[in-house]
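Trainee: One structure follows; several queries about it will come next.
The values are calculated or read from the model by the stated rules, or taken from the named source; none is laboratory data. On a predicted model such as this, the values are computed, not experimentally measured, just so you know. In this analysis, Cβ positions are derived from the backbone assuming ideal geometry, glycine residues included, and neighbour counts consider all displayed protein chains. Accessible surface is based on the protein model in full, side chains and every heavy atom, while ligands, DNA and RNA are left aside. Shrake-Rupley method; radii C 1.70, N 1.55, O 1.52, S 1.80 Å.
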Amino acid sequence: MKSSKIALAVATVLSLSGMAAHDAVAQGIDDPRRADYFKTFAGKTIAFVPVTMGIDLTEGWASVMKKQADRLGMKFEIRDPQFSADRGAEAITALIAEKPDVLVVHNPDVQSYAKLLKRAEEAGIHVVQINMRSNYNSDVYVGADWIGIGEAEAQAVVDKCGAGTSGKVAILQGQPTSGSDSGMMKGADNVLSKHPEIKVVANQAGEWDATKAHSVISTVIQQNPDLCGVIGFWDVMDLGAAAAIKESGKPIVLVTSGGGEQMACDNVEKGVFEKEIAYQVMDQGRDLNDMIVTVLESGQQAGKLKAVVYSPQLVISKETLRPGLCWSAKDLKK
């Protein structure tokens with residue numbers, strides 16, 4: 001009898017404690033930081049000045065930034081200079097007067113916007129540079145480790161153009177004054193200086209244009225029929241170089257770099273590119289978003305953060321190909 005009373009008492013206690021626990025769960029627990037988080041971003045403006053829209057890199061970054069801006073109640077706008085540094089400078093000058101909260105800039109070269117970016121931060125605008133930096137170090141640089149990419153590209157060509165080949169290699173830059181080219185050239189030099197068997201027979205600029213790249217590499221092949229390899233600095237431009245190689249009928253190795261769009265995987269699979277050292281545009285977009293949030297949440301004065309986020313390399317080769325390795329620009333419109 002005594003034991004049954006004890007059991008009844010224990011059951012009652014457990015039942016009551018269970019009800020209390022249920023009530024606590026049903027009521028939920030508020031997050032005291034949540035309201036302030038969303039309040040921080042509501043009504044803020046993010047302005048993007050690319051080199052140009054209409055290419056996989058800038059379309060990808062813009063798509064990711066706009067989605068976050070919409071989610072957080074921010075305004076996102078694009079000022080497209082269409083490959084004109086002068087129009088880009090005009091756009092940044094106008095934006096300094098308009099005072100967006102964050103200015104995201106894709107520099108055409110290391111000098112054109114440097115003073116303007118400094119002026120922007122002095123005016124209280126946070127500046128985030130994407131993938132091609134200027135000589136001015138702003139709040140944040142998000143982008144490729146160009147020296148590392150140059151090293152990886154050069155090593156890939158050295159591996160194919162050593163003993164038993166002519167050792168002759170051409171370098172196809174985009175724009176030599178750009179932050180990307182200066183970094184990749186340094187990286188390529190780091191590797192090639194250790195390989196005297198490799199002879200650089202041409203080092204020219206394609207100016208980010210596939211037609212110009214085709215002309216440059218066609219001429220190089222005519223002058224060097226035994227050319228072994230080409231180190232290209234951007235996959236979209238390097239399609240022109242690939243066409244010149246195909247027309248020559250020669251087994252010339254082409255290694256490139258780019259944003260890892262599906263075109264890169266397709267061309268590696270077809271043997272058009274030997275390899276692409278990619279910097280994964282959609283991941284860069286996520287990093288951009290993280291740093292936009294960071295500068296706005298930090299409360300720091302514009303120009304004080306000085307952060308760098310280098311994108312990991314993605315090696316696209318026949319050995320690494322798999323479904324989903326590359327992203328698709330077509331999916332941005334879905």
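Trainee: Using only the alpha carbons, work out the radius of gyration and Dmax of the chain in angstrom.
Mentor: Spelled out, the Cα radius of gyration and Dmax of the chain are 26.4, 107 Å.
Trainee: How much accessible area per residue does the chain have, counting only protein heavy atoms and a probe of 1.4 Å, in square angstrom?
Mentor: On the way: 16130 Å² over 334 residues.
Result: 48 Å² of accessible area for each residue.
Trainee: Kindly express, to the nearest 10 degrees and within the range 0 to 90, the angle between helix 179-192's C-alpha long axis and the longest C-alpha principal axis of the chain.
Mentor: 70 degrees
Trainee: Next question, about the same structure. Tilt of helix 210-223 relative to the longest C-alpha principal axis of the chain, in degrees (0 to 90, nearest 10)?
Mentor: Here the helix axis deviates by roughly 40 degrees.
Trainee: Shifting gears a bit: What ranking do 314-320, 147-153 get when scored by the average of other Cβ atoms within 10 Å per residue, highest first? Display every interim value, and only then the final one.
Mentor: Details: 314-320: 14.7, 147-153: 22.6.
In descending order of packing, they fall as 147-153, 314-320.
Trainee: Report the Cα centroid-to-centroid distance between the stretch 149-187 and the stretch 263-310 in angstrom, as an integer.
Mentor: 22 Å
Trainee: Next question, about the same structure. Carbon and sulfur together cover what percent of the accessible area of the stretch 187-334 at a 1.4 Å probe radius?
Mentor: Numbers: 3550 of 7140 Å².
Carbon and sulfur atoms account for 50 percent of the accessible area of the stretch 187-334.
Trainee: Ok, one more. For the stretch 108-176, just run the numbers: alpha carbon Rg, then divide by 2.2 N^0.38 Å, N being how many residues it has.
Mentor: Compactness ratio reported: 1.61.
Trainee: Which distance in Å, rounded to a whole number, links the C-alpha centroids of the stretch 191-252 and the stretch 120-140?
Mentor: Cα centroid of the stretch 191-252 versus Cα centroid of the stretch 120-140: 34 Å apart.
Trainee: Let me ask you something else. Calculate how steeply helix 56-72 sits against the longest principal axis of the alpha-carbon atoms of the chain, using the helix alpha-carbon long axis, and give the answer as 0 to 90 degrees to the nearest 10.
Mentor: 20 degrees
Trainee: Which of the peptides 276-286, 173-183, 200-210 is most tightly packed, and how do the rest follow, judged by the mean count of other Cβ atoms within 10 Å per residue?
Mentor: On the way: 276-286: 23.2, 173-183: 21.6, 200-210: 17.9.
The most tightly packed comes first, giving 276-286, 173-183, 200-210.
Trainee: Give me the net charge of LEU254's neighbourhood, meaning all other residues with Cβ under 12 Å from the Cβ of LEU254; Lys, Arg count +1, Asp, Glu -1.
Mentor: Values: positive: LYS160, LYS246, LYS250, LYS270, LYS275; negative: GLU153, ASP235, ASP238, GLU274, GLU276.
Combined, the nearby Lys, Arg, Asp and Glu give 0.
Trainee: Next up: I need the peptides 238-249, 102-113 ranked by packing, meaning the mean over residues of other C-beta atoms within 10 angstrom, with the highest value on top. Write down the numbers at each step before the final one.
Mentor: Details: 238-249: 19.7, 102-113: 23.2.
The densest-packed peptide leads the list: 102-113, 238-249.
Trainee: Also, I was wondering about something else. Quick check on my link table: of LYS194/LYS246; LYS118/LYS212; LYS75/LYS275; LYS275/LYS304; LYS75/LYS306; LYS66/LYS304, which ones sit more than 27 Å apart, alpha carbon to alpha carbon? List each step's numbers first, then the result.
Mentor: Working: LYS194/LYS246 30 Å; LYS118/LYS212 34 Å; LYS75/LYS275 39 Å; LYS275/LYS304 39 Å; LYS75/LYS306 24 Å; LYS66/LYS304 25 Å.
Pairs exceeding the cut-off: LYS194/LYS246; LYS118/LYS212; LYS75/LYS275; LYS275/LYS304.
Trainee: Further question on the same structure: Excluding residues on the same chain fewer than 8 positions from LYS39, give the aspartates and glutamates whose Cα lies under 17 Å from its Cα.
Mentor: Cross-link targets: ASP30, ASP31, ASP70, ASP101, ASP290, GLU297.
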